[in-house]
Amino acid sequence: MQYYICAWVTGPTAQSNREGIDAIINEALEWERRSGATFEAEKTAIIHFTPKAYKSEQEPFTIKGQTVEPKDHVKILGVIMDTRLKYKEHIARAAAKGLEAAMELKRLRGLSPATARQLFTSTVAPVVDYASNVWMHAFKDKAIGPINRVQRVGAQAIVGTFLTVATSVAEAEAHIATAQCRFWRRAVKIWTDIHTLPETNPLRRNTARIRKFRRFHRSPLYQVADVLKDIEMETLETINPFTLAPWEERMQTEIRGASETQTEAGGSMQIAVSSSARNELVGFGGVFQKQPPRYKKPRVKTFSVTLGVRLEQNPYSGELAAMAHALSKLYGLKRYRITLLTSNKAAALTLRNPRQQSGQEHVCQIYKSIKRLRRNGNQITICWIPTSEDNKLLGLAKEQARAATREDATPYTELPRMKSTTLNIARSQVGTSKALPETVGKHSKRVDAALPGKHTRQLYDRLSWKEASVLAQLRTGMARLNGYLYRINAAQTDQCACGQARETVEHFLFRCRKWTTYRTEMLQCTNTHRGNMSFFLGGKSPSDDQNWTPNLQAVRASIRFAIATGRLDAA
């Protein structure tokens, strides 16, 4: 078994740290003698981190009779760290490994765009993004180029765009997140996760130091902390490593309708809960229907509670809070069969398998109440009922939940912010630009004013790779037509073979006389949009309204036309 030990010594200069490093080496060798472990001097690395060269030194250390010289960079937990913490070597290595993974994906011919995109997200992006929280602040200028190449190769593997297509255009056509967007999402998540750690965790105690501005030696997360400074993170809920001990029994939930049968001994009770989110508020309501023994008339009681504002709570946490509130009100029951009804499947499944997740405090309260009720011989069952089923109790509970979120309602108490809600707000606040850069994509902007957008998945996902490649060529303008080939010195002229004009995408689709007989299906798709390049290529034109959707019939007709001509096939 191999062990890796990492130790740090801080001081004004490398020379002042030497005594501390020697002490650590001696302590490690002493532990080696006591434990029987073996330290390999050739695998030992020493590095001095400093932004100023004059504070460093290259004087070697002696370990077990071998000389160990300070290095310019070392690998720690898979991250290559250099003396100035610029991470150039690591970013270059991440780009190289990402490009290798993207090229392997590109070799898998015949994949649909949907499958290729999923493979890119699961196999290529994680290779590039590893530990990006540490080095993303250094990702700029020259470091962007190699990682952008990974993005272009990935887009080519997904929809068949040319490598000469601008990175932002290729990403929009393939519907993949930009590298910067992925880095920011990971950074925002780790910053949020740090604030949910228990107060005993040293990372949680150091968030104030991370947020503090320093001219030098700033934390890699300072940039994220500064952008999210307006979001109140200090009131986030605390999430412990586990909700229940491994040996504690989990609650079994029934993903079906509630049973109406009654046990012979004791009574029965049904509790229906529901949550509501409206008027910028989150609330919950519920109904108790108690059937005492000996078939007395059932008694019904309702409750309604305003939980908090929508910026801090969500319907999922409202459902868990409703369950916890309802079970906490049950006292004095013995040998009752209790059924808890909910229409929130996520909440029901959470109780079946609690994890390190948002809403953990409510889950702990629910299990505590269930344990207390079981000690008195009660049986508790949790049932999920789809909203499509007409359940009288759930309908009444929904009415109570909506009453809790009326416009003049006020929260009954101040609760911690939910991590999931805060994370979504934080990610939306640091969202990257949703428009193509001004300097690229002139043809793409003319074809589709809605780029980048989710509609590109609708356009490409049901196509074969060949069909997707043809559509991508037409939409980006970088196609095997003379108008583009001449620009890259791959053709002697930009004129069409018909001799009438430059061979552009628009000329090829609507005007070239060579392909008139192939356009019959295209012309049958519309009488009002003939010659409209945006309409036939699934793009939004400036005249389209907000409810616009691409006409897939016209898009497929354009693809079949292009394939029938054979003009866009590889030579």
Consider the stretch 430-474. How many of its residues are within 30 Å of LYS189 (Cα to Cα), of a type in the set (Lys, Arg) and in contact (Cβ under 8 Å) with a residue 60 or more places away in the chain? 2
What about PRO70, is it open to solvent by less than 30 Å² (accessible area, probe 1.4 Å) and assigned to a loop (DSSP other than H, G, I, E, B)? yes
Go through the residues of the stretch 484-501 one by one and say whether even a single one is outside any loop (DSSP other than H, G, I, E, B), among the hydrophobic types (A, V, I, L, M, F, W, C) and under 24 Å from PHE162 (Cβ atoms). yes
Residues of the stretch 181-206 being assigned to a helix (DSSP H, G or I) and either surrounded by fewer than 18 Cβ atoms within 10 Å (Cβ to Cβ) or in contact with a strand residue (DSSP E or B) (Cβ under 9 Å, 6 or more places away or on another chain) (or both), in sequence order, are CYS181, ARG186, LYS189, ILE190, THR192, ASP193, HIS195, PRO202, LEU203, ARG204, ARG205
Consider only pairs whose beta carbons are under 9 Å apart and that are at least six residues apart or on different chains; among these, list those whose first residue lies in the stretch 222-246 and is without any contact (Cβ under 8 Å) to a residue 40 or more places away in the chain and part of a loop (DSSP other than H, G, I, E, B) and whose second residue is surrounded by 16 or more Cβ atoms within 10 Å (Cβ to Cβ) and not aromatic (Phe, Trp, Tyr). LYS229/ARG211; GLU234/HIS195; GLU234/THR207
MET418 meets each of (1) under 18 Å from GLU234 (Cβ atoms); (2) open to solvent by 40 Å² or more (accessible area, probe 1.4 Å) with one exception, condition (2)
Of (1) surrounded by fewer than 14 Cβ atoms within 10 Å (Cβ to Cβ); (2) part of a loop (DSSP other than H, G, I, E, B); (3) among the charged types (D, E, K, R), LYS86 satisfies all except one. Which? (1)
Looking only at strands (runs of 3 or more DSSP E) that fall completely inside the stretch 278-366, which ones have 1 or more residues that are among the hydrophobic types (A, V, I, L, M, F, W, C), modelled with pLDDT of 90 or more and more than 18 Å from CYS383 (Cα to Cα)? 281-291, 299-309
Of the conditions (1) part of a loop (DSSP other than H, G, I, E, B); (2) at pLDDT 90 or above; (3) touching a helix residue (DSSP H, G or I) at 6+ places or on another chain (Cβ under 8 Å), ARG530 clears all except one; give me its number. (2)
Give me the residue from the stretch 420-432 that is in a helix (DSSP H, G or I) and more than 19 Å from PHE284 (Cα to Cα) and, out of that set, modelled with the lowest pLDDT. GLN429
Filter the stretch 93-143 down to the residues that are more than 17 Å from ALA468 (Cα to Cα), loosely packed, with under 15 Cβ neighbours inside 10 Å and at pLDDT below 95 and list them by number. LYS140, ASP141, LYS142
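The values are calculated or read from the model by the stated rules, or taken from the named source; none is laboratory data. Treat the numbers as computed from the prediction; the structure is a model and nothing was measured. Using ideal geometry, Cβ is built from the backbone for each residue, glycine included, and neighbour counts are taken over all protein chains shown. Note: areas computed on protein heavy atoms with side chains; ligands, DNA, RNA excluded. Shrake-Rupley method; radii C 1.70, N 1.55, O 1.52, S 1.80 Å.
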